[in-house]
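Chemist: Could you have a look at this structure, given as structure tokens, before my questions?
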């Protein structure tokens with residue numbers, strides 16, 4: 001059994017669902033779905049996107065297929081860290097969107113690498129490890 005090592009941010013899942021980033025698709029294939037997971041928040045954001053889409057049922061079907069391959073991480077255990085980081089960032093005047101902060105603190109709390117195209121905002125979180133699969137690998 002493969003233990004998940006990566007938490008996929010919503011923007012990475014959108015790339016996978018749309019199949020519009022060859023580098024994201026290649027890295028996902030290389031790493032394997034069993035080594036990846038998503039937060040409940042990411043699943044909720046994807047569902048909202050499906051609801052506002054013109055092809056709602058089709059989008060939900062794609063999300064179901066992707067979600068079936070991935071581990072789902074609950075946010076409950078990350079809430080204390082979320083509160084600490086939210087307060088620290090608020091005091092520093094460096095707010096991060098609450099959903100992003102929940103995704104990021106879930107990655108930290110679970111010891112996972114967060115895969116995102118939004119490294120600028122997530123880099124503000126203490127102890128986070130980030131990868132951007134949309135960028136080509138250095139050779």
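The values are calculated or read from the model by the stated rules, or taken from the named source; none is laboratory data. As the structure is a prediction and not an experimental result, all values here were calculated from the model. Here Cβ is always computed from backbone atoms with ideal geometry, including for glycine, and neighbour counts include all displayed protein chains.
Chemist: Where residues in the stretch 4-28 are in a loop (DSSP other than H, G, I, E, B) and in contact (Cβ under 8 Å) with a residue 12 or more places away in the chain, which of them is nearest to residue 73 (Cα to Cα)?
Modeler: So the residue we want is 4.
Chemist: Which of the residues that make up the stretch 86-122 are in contact with a helix residue (DSSP H, G or I) (Cβ under 9 Å, 6 or more places away or on another chain), in a loop (DSSP other than H, G, I, E, B) and exposed (fewer than 12 other Cβ atoms within 10 Å of the Cβ)?
Modeler: Within the stretch 86-122, 94, 97 qualify.
Chemist: If you don't mind, another one. The conditions are (1) under 26 Å from residue 136 (Cβ atoms); (2) modelled with pLDDT of 95 or more, and residue 44 fails exactly one of them. Which is it?
Modeler: (1)
Chemist: Quick test of your reading of the structure: residue 72 fulfils all but one of (1) crowded, with 19+ Cβ neighbours inside 10 Å; (2) in contact with a strand residue (DSSP E or B) (Cβ under 7 Å, 6 or more places away or on another chain); (3) not in a helix (DSSP H, G or I). Name the failing condition by number.
Modeler: So residue 72 meets the others, but not (1).
Chemist: I need the full set of residues from the stretch 128-139 which are modelled with pLDDT of 95 or more, closer than 15 Å to residue 15 by Cβ and not in a strand (DSSP E or B), in order please.
Modeler: Scanning the stretch 128-139 gives 132, 133.
Chemist: Check whether at least one residue in the stretch 29-52 is touching a residue at least 40 places away in the same chain (Cβ under 8 Å), farther than 20 Å from residue 75 by Cα and not in a loop (DSSP other than H, G, I, E, B), and report yes or no.
Modeler: So far as the stretch 29-52 goes, no, none of its residues is touching a residue at least 40 places away in the same chain (Cβ under 8 Å), farther than 20 Å from residue 75 by Cα and not in a loop (DSSP other than H, G, I, E, B).
Chemist: Condition check: outside any helix (DSSP H, G or I), over 13 Å from the mean Cα position of the chain (by Cα) and closer than 14 Å to residue 9 by Cβ. Does residue 125 satisfy that?
Modeler: When the stated conditions are applied, residue 125 passes them.
Chemist: Quick one: in the stretch 123-133, of everything that is in contact (Cβ under 8 Å) with a residue 24 or more places away in the chain and out of contact with any strand residue (DSSP E or B) (no Cβ under 9 Å at 6 or more places or on another chain), which residue is surrounded by the most Cβ atoms within 10 Å (Cβ to Cβ)?
Modeler: 124
Chemist: Quick check, is residue 100 at pLDDT below 95 and on the phi < 0 side of the Ramachandran plot?
Modeler: Numbers: at pLDDT below 95: no; on the phi < 0 side of the Ramachandran plot: yes.
For residue 100, the condition - at pLDDT below 95 and on the phi < 0 side of the Ramachandran plot - is not met.
Chemist: I need a count of the residues in the stretch 1-17 that are at pLDDT 95 or above and out of contact with any strand residue (DSSP E or B) (no Cβ under 7 Å at 6 or more places or on another chain). Can you show your working first?
Modeler: Keep residues of the stretch 1-17 that are at pLDDT 95 or above, which gives 5-17.
Then keep just the ones that are out of contact with any strand residue (DSSP E or B) (no Cβ under 7 Å at 6 or more places or on another chain); that gives 10-11, 14-17.
Looking only at that region, the number is 6.
Chemist: Could you give me the residue pairs with C-beta distances under 9 Å whose first residue belongs to the stretch 74-94 and is in contact (Cβ under 8 Å) with a residue 40 or more places away in the chain, whose second residue is in a loop (DSSP other than H, G, I, E, B) and surrounded by 14 or more Cβ atoms within 10 Å (Cβ to Cβ) wherever it lies, and which are 6+ apart or on separate chains?
Modeler: Taking only residues 6 or more apart or on different chains, the pairs are 85/96; 85/124; 85/125.
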